[in-house]
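First the structure, in the form of structure tokens, and then the observations on it.
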Amino acid sequence: MQYITQAEKLFLLRTDETAYLLLINEYGHPEHLHYGTPVALADAAALRYKRTMPYGAEVLYAEDDPTYCLDNLPLEWSGIGKGDFRVSPIELELPDGSYTCDFVFQCAKLQPGARGASTLPGAYAEESADAETLVLTLKEKVFALQLELIYTVYPHENVITRRSVLHSQEASPVRIRRMMSQLLDLPNDGYRLVTLDGDWIQEAHRHDRALMPGCFVNESTTGNSSNRHNPGVMLAAPTACEDSGNVYGFNLIYSGNHYTAVELSPRNMVRIVSGINPLCFCWQLAQGETFETPEAVLTFSFHGFNGMSHNFHEFILHRILRGDWKAKDRPVLLNNWEAHFFDFTRRKLLRLARRAKKLGVELFVLDDGWFGARNSDHAGLGDYTVNRKKLRDGIEGLAQRINALGMQFGLWFEPESINTDSELYRNHPEYAMQLPGRTPALGRNQLLLDLANPAVRDYIVENVSSILDRANITYVKWDMNRHMSDIYSAVCPAGELYHRYILGLYEVLERIFRARPHILLESCASGGNRFDLGMLCYSQQIWASDDTDPIERLKIQKGFSYFYPPVCMGAHVSQSPHQQTLRSTPLSTRFNVAAFGALGYELDLAELSPIEHRQIKEQISFYKQVRHTLQFGRFYRYQLPEMNKDVFLAVAPDQSHAVLSFVQTLATAGDSNDGLRVKGLDANARYRLTAVPQKVSLARFGGLLKHIMPFTLRADGFILRTANRVHALPDGPFSLCASGTALQSGVGLNDQFIGTGYHKDLRLWGDFGSQLYVVELEQEEEAE
Ligand code: DGJ
């Protein structure tokens, strides 16, 4: 073992840049010593919490030891009823009706590789040398219960995962009312708690708060990991910023109701527990049965938030994503949803597809509305019969035509839901999740199917698989459009249903997609309502949000980027004015933001002017040249002093090139002297930084145009309207050559247009203007 060392009852877990130290103390409790910067076994005594003084008003664990009080100790696990009054990781209703439990050390086992759960998805190590695992087995002091605390070290990703497993040998059932994946007690360092919160079309907005005495809970109660609160949370030192300072990141490989409690205790310790949400949770564990919790993912970086993100991105790329698409560049897609909604025919689709092909699109995706009576969102969910009025030669026929055009074909499904107006509901109302004797609450006019029921799972697997095998489908969008309500199942107790639903979902995904690894799966739940590591074990990308307004997307994509790499984020260019915000944005900015994700287009191409067609063609061709870096490169966020600017950066792993997107939200009068700092380059190399050519529409200048024309033209007149369809002005051509060091310290850009004159090199930005820049190694002059 290279990364986990044991010295009697002391355990050191190391990654390339972090260390985790724990010991089993004299009472058999796992005590936490350190998590963070690299330390050695020899530091254990120094790092250990010192117990020298008894406190008043506390419950002692052992009568003859006035300093041993569980409430004051940094622990790795705890119970109930033995003097630790902080948030507990476990609550069991024991066979005698009591709740007190006390787990103490039994044995430890070290093993190479990862040890995956058998009922849940988790991280994996391809080679056993890529990971090492420590299993601490504890036993309950009175009842025949065994608890395993499983730690897996992923050294090069600087990640340690933790999960807990409970096994019962009690003759009578034990009820699990709460069981967390992990517990960690850290000394407080003035930490800020950072969470990603939102709702539909405003997912993953970052929020920071100071830790105050008491408990803060980041959770989901909607049945999904939810757009309300992403399961990823961060603890950051007071001075931590994007590029420096200590930052801890915690996440969960789980797609259902999650729960992370962060408690600042009276002894100035921070307790973090995370796992399945205990809300309405009650799991009956019979003799001989085992309950597994989802894997919690922990990382630490002293390189600020970007450092923490890099650990998570590497972990997802190498230990979470699977299938043929794991490391493959994602195709540029066109999705027909915002072009047609439910109103399409085969002819309309093919017309759109031909236009898409001319632009360079590689994958054509047919969204909602192709089956049953699905002509609106009131009917059809649950049915799989193709609507022959819309698609006379079925999905197979359409797929063939799309393939013949030279594009791949992808299809939308929403398999977890059912409309009451559907054949499935008429035949199997019992498949729907609803409570006998109550009118069920609808969400988007639909109910959910009871995925705890094996018959429902078989129905979904058989129907989806049969469509997938009938046509050449290489991409699937798996949608899910409502929160859960009316929690009831005919096949399991309500207290188990939230979790059994998610287990059922994983089983269905496993059966359909593990057998078809050639399919690129994009998960979606009204946008980013299920953007989590559990889904990423099956789907290589996730539709980040139904909001494609680039200015809103900046916040959303930035938020998700704390935990998830750009390649996992579906990002589309759509129509302007935007359908939700009514904001008009330049085509260049829509692309410049969407380019930092798995790029797609989602608009009616027939509405584009010839000049917009040309621009999109250029965008796609450029994207294809650099997409590997945009999707898989090292991603950086910036912390800029100006509130109206944002920069995203992706650097190739070999530092040979990088791509930046510099976006201005609202313009300010007379703004100038913008600079650009390019992080992550080779300091000793010379690079050329070039603005990616883009155009700005003449219409942006409105009445100003008449001042530069030799004759008078009406801004909204026929001539300018026509000119606008075929011409546009070059926007901010720019190029310079500099060393990696100069680029890292910041180089100046040309000024922005402020109405004092026109020069061809000005940045013509205004509100919502932006620019992409490419940085490439300068070619060495050939020796004579
Ligand atoms: C919600 C998704 O987020 C949209 O992209 C689209 O697929 C619709 N569902 C279709 O109903």
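The values are calculated or read from the model by the stated rules, or taken from the named source; none is laboratory data. Please read all numbers here as calculations on a predicted model, not as lab measurements. Neighbour counts run over all protein chains shown; Cβ positions are idealised from the backbone, glycine included. When the accessible area is computed, the model is the full protein with side chains, heavy atoms only, and any ligands, DNA or RNA have been set aside. Shrake-Rupley method; radii C 1.70, N 1.55, O 1.52, S 1.80 Å.
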Answer residue from region 693-713, given it is open to solvent by 20 Å² or more (accessible area, probe 1.4 Å) and of a type in the set (A, V, I, L, M, F, W, C) and is farthest from Ser621 (Cα to Cα) among those | Phe711
Quick one: is Arg637 open to solvent by 30 Å² or more (accessible area, probe 1.4 Å), farther than 30 Å from Phe342 by Cα and in contact (Cβ under 8 Å) with a residue 60 or more places away in the chain?
-> no
Can you tell me which residue within region 487-524, out of those that are open to solvent by less than 30 Å² (accessible area, probe 1.4 Å) and farther than 26 Å from Ser118 by Cβ, is nearest to the ligand (Cβ to nearest atom)?
-> Cys524
Those residues of region 405-442 that are assigned to a helix (DSSP H, G or I) and either within 16 Å of the ligand (Cβ to nearest atom) or open to solvent by 70 Å² or more (accessible area, probe 1.4 Å) (or both) come to a total of 4
Any residue in region 723-738 that is surrounded by fewer than 17 Cβ atoms within 10 Å (Cβ to Cβ), more than 36 Å from the chain's Cα centre (by Cα) and within 21 Å of Gly633 (Cβ to Cβ)?
-> no
Go through the residues of region 527-548 one by one and say whether even a single one is within 14 Å of the ligand (Cβ to nearest atom), open to solvent by less than 10 Å² (accessible area, probe 1.4 Å) and under 21 Å from Lys695 (Cβ atoms).
-> yes
Residue that is farthest from Cys537 (Cα to Cα), among those in region 342-372 that are open to solvent by 30 Å² or more (accessible area, probe 1.4 Å) and within 16 Å of the ligand (Cβ to nearest atom) = Asp343
Quick count over region 282-299, residues being out of contact with any Asp or Glu (no Cβ under 8 Å at 6 or more places or on another chain) and crowded, with 23+ Cβ neighbours inside 10 Å, is 5
State all residues of region 327-341 that are within 16 Å of the ligand (Cβ to nearest atom) and either in a loop (DSSP other than H, G, I, E, B) or open to solvent by less than 30 Å² (accessible area, probe 1.4 Å) (or both); if no residue qualifies, say none.
-> Leu333, Leu334, Asn335, Asn336, Ala339, His340, Phe341
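Yes/no per residue for (1) under 20 Å from Thr119 (Cβ atoms); (2) among the β-branched types (Val, Ile, Thr); (3) without any contact (Cβ under 8 Å) to a residue 40 or more places away in the chain; (4) surrounded by 23 or more Cβ atoms within 10 Å (Cβ to Cβ):
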| residue | (1), (2), (3), (4) |
| --- | --- |
| Val174 | yes, yes, no, yes |
| Arg177 | yes, no, no, no |
| Met212 | no, no, no, no |
| Phe216 | no, no, no, no |
| Ser226 | no, no, no, yes |
Heads up, the helices (runs of 4 or more DSSP H) in region 499-596 (entirely inside) with at least 2 residues that are over 21 Å from the mean Cα position of the chain (by Cα) and at pLDDT 95 or above are 587-594
When (1) away from the ligand (no atom under 14 Å from the Cβ); (2) touching a residue at least 40 places away in the same chain (Cβ under 8 Å); (3) out of contact with any Lys or Arg (no Cβ under 9 Å at 6 or more places or on another chain) are applied to Gly559, the one that fails is (3)
Within region 303-314, can one find any residue that is surrounded by fewer than 23 Cβ atoms within 10 Å (Cβ to Cβ) and part of a strand (DSSP E or B)?
-> yes
Might you let me know whether region 684-701 holds any residue that is among the polar types (S, T, N, Q) and not in a loop (DSSP other than H, G, I, E, B)?
-> yes
